[in-house]
Amino acid sequence: MVTIGIDPHKDTHTAVAVEDATGVVLDEVTVVARDHGHQQLVRWADRYARRCWALEDCRHVSGRLERALLARGEAVVRVPPKMMGESRRGERTWGKSDTIDATAVARAALRDPNLDRGRLAPATRRLRLLTDRRDDVVAERTRESNRLRWLLHDLDPGLRIAARKFAYGPAVRRARQHLAAFDGDDIAVQIALELLDRIEQLTATERRYAVQIRDLVRRDYGYVLDLPGCGELTAAKLLGEIGDITRFASDAKLAMHAGVAPIPVSSGRSNRVRLNRRGNRQLNVAIHRIAITQLACHPPARAFVERRRRDGKSTTEAIRALKRHITRAAYNVLSQADTAPT
């Protein structure tokens with residue numbers, strides 16, 4: 001059996017074949033990161049009848065190659081970049097190159113047999129692209145709103161508008177009316193008006209994406225909305241980040257992937273856990289959003305947190321436990337939908 005580690009880049013992909021039994025490097029190749037390069041890579045690997053591909057998981061950089069390999073029936077595992085870096089630091093060969101990185105990817109895959117296996121892109125890929133794009137638009141609007149807020153403060157400290165308010169029409173109209181009282185030739189006023197135009201444009205774009213996301217979730221994934229505290233946008237984030245639920249053997253594995261499962265730090269008579277700061281932070285924040293919403297409007301969640309607090313947990317620790325409970329519920333909802341007859 002041979003594991004082929006790949007270090008993907010925008011222009012080239014470097015592959016290294018490593019023998020599973022000994023960890024010895026058998027061969028290496030570098031191909032262009034295009035369709036004909038992917039075909040060349042498969043022809044090069046045909047000499048190894050029993051093989052598995054290990055890709056450094058770089059999302060858009062490795063996604064096209066992963067889909068090309070899966071379409072040809074190849075077995076693919078995803079190696080997180082952090083794991084590859086730790087593997088490289090443990091190598092006897094010092095330095096950094098594409099070949100060294102690809103070798104580290106292969107050996108990291110050999111050390112961990114439970115890595116996420118690649119699958120053809122599920123239907124939720126569209127949701128992931130939409131939610132990622134909407135997040136980018138919201139982040140850009142926030143940056144522009146902060147610039148505008150400080151510019152308005154420089155023009156008139158008495159005008160107080162929170163940056164988040166610029167996403168709504170009344171705040172924009174109020175700012176325009178206030179700017180009308182200043183000299184229109186003032187460069188600061190011109191820039192402020194341009195920022196207002198840009199913010200309105202970004203708001204319209206964000207709302208268009210939000211409508212697309214809501215319609216798609218209601219049409220194809222309405223069952224996720226049965227999870228208390230989960231709205232359409234949060235459901236889209238959950239579905240997009242989780243993808244194919246069958247890649248997780250249990251809710252515990254999903255919790256670890258999301259950074260929701262606590263990390264044990266026990267020693268001797270001390271038996272305790274600490275906050276898990278790893279995992280998919282986008283998925284983690286979606287679960288956190290559900291938890292906070294449930295605390296506001298879902299009595300069973302409030303009762304759950306109160307029980308944990310009576311057991312001596314802090315409010316923060318109780319919310320972490322609630323997030324783990326929500327992860328289990330989300331796993332069950334998605335698993336049941338995946339196994340339901342069509």
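The values are calculated or read from the model by the stated rules, or taken from the named source; none is laboratory data. What you see is a predicted model, and the numbers here were worked out from it, not measured in a lab. In this analysis, Cβ positions are derived from the backbone assuming ideal geometry, glycine residues included, and neighbour counts consider all displayed protein chains.
Just a few scattered comments:
- Checking each residue in the stretch 281-319 for being among the polar types (S, T, N, Q) and surrounded by fewer than 16 Cβ atoms within 10 Å (Cβ to Cβ) picks out Ser314, Thr315, Thr316.
Per-residue answers, yes or no, for (1) out of contact with any Asp or Glu (no Cβ under 8 Å at 6 or more places or on another chain); (2) in a helix (DSSP H, G or I); (3) surrounded by 13 or more Cβ atoms within 10 Å (Cβ to Cβ); (4) at negative phi:
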{"site": "Glu144", "(1), (2), (3), (4)": "yes, yes, yes, yes"}
{"site": "Gly158", "(1), (2), (3), (4)": "yes, no, no, yes"}
{"site": "Gln177", "(1), (2), (3), (4)": "yes, yes, no, yes"}
{"site": "Glu206", "(1), (2), (3), (4)": "yes, yes, yes, yes"}
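- Restricting the stretch 33-65 to residues that are of a type in the set (Gly, Ala, Ser) and either within 23 Å of the chain's Cα centre (by Cα) or closer than 16 Å to Ala75 by Cβ (or both), the residue that is surrounded by the most Cβ atoms within 10 Å (Cβ to Cβ): Ala54
- Those residues of the stretch 241-280 which are surrounded by 18 or more Cβ atoms within 10 Å (Cβ to Cβ), hydrophobic (A, V, I, L, M, F, W, C) and part of a loop (DSSP other than H, G, I, E, B), in sequence order: Phe248, Val260, Ala261
- When Glu206 is tested against the conditions (1) at pLDDT below 95; (2) farther than 19 Å from Ala123 by Cα, the lone failure is (1).
- Selection status of Ala167, more than 15 Å from Lys237 (Cβ to Cβ) and surrounded by fewer than 15 Cβ atoms within 10 Å (Cβ to Cβ): no
- Matching residues, the stretch 19-32, being surrounded by 15 or more Cβ atoms within 10 Å (Cβ to Cβ) and either without any contact (Cβ under 8 Å) to a residue 24 or more places away in the chain or under 13 Å from Arg107 (Cα atoms) (or both): Glu19, Asp20, Val25, Val29, Val31
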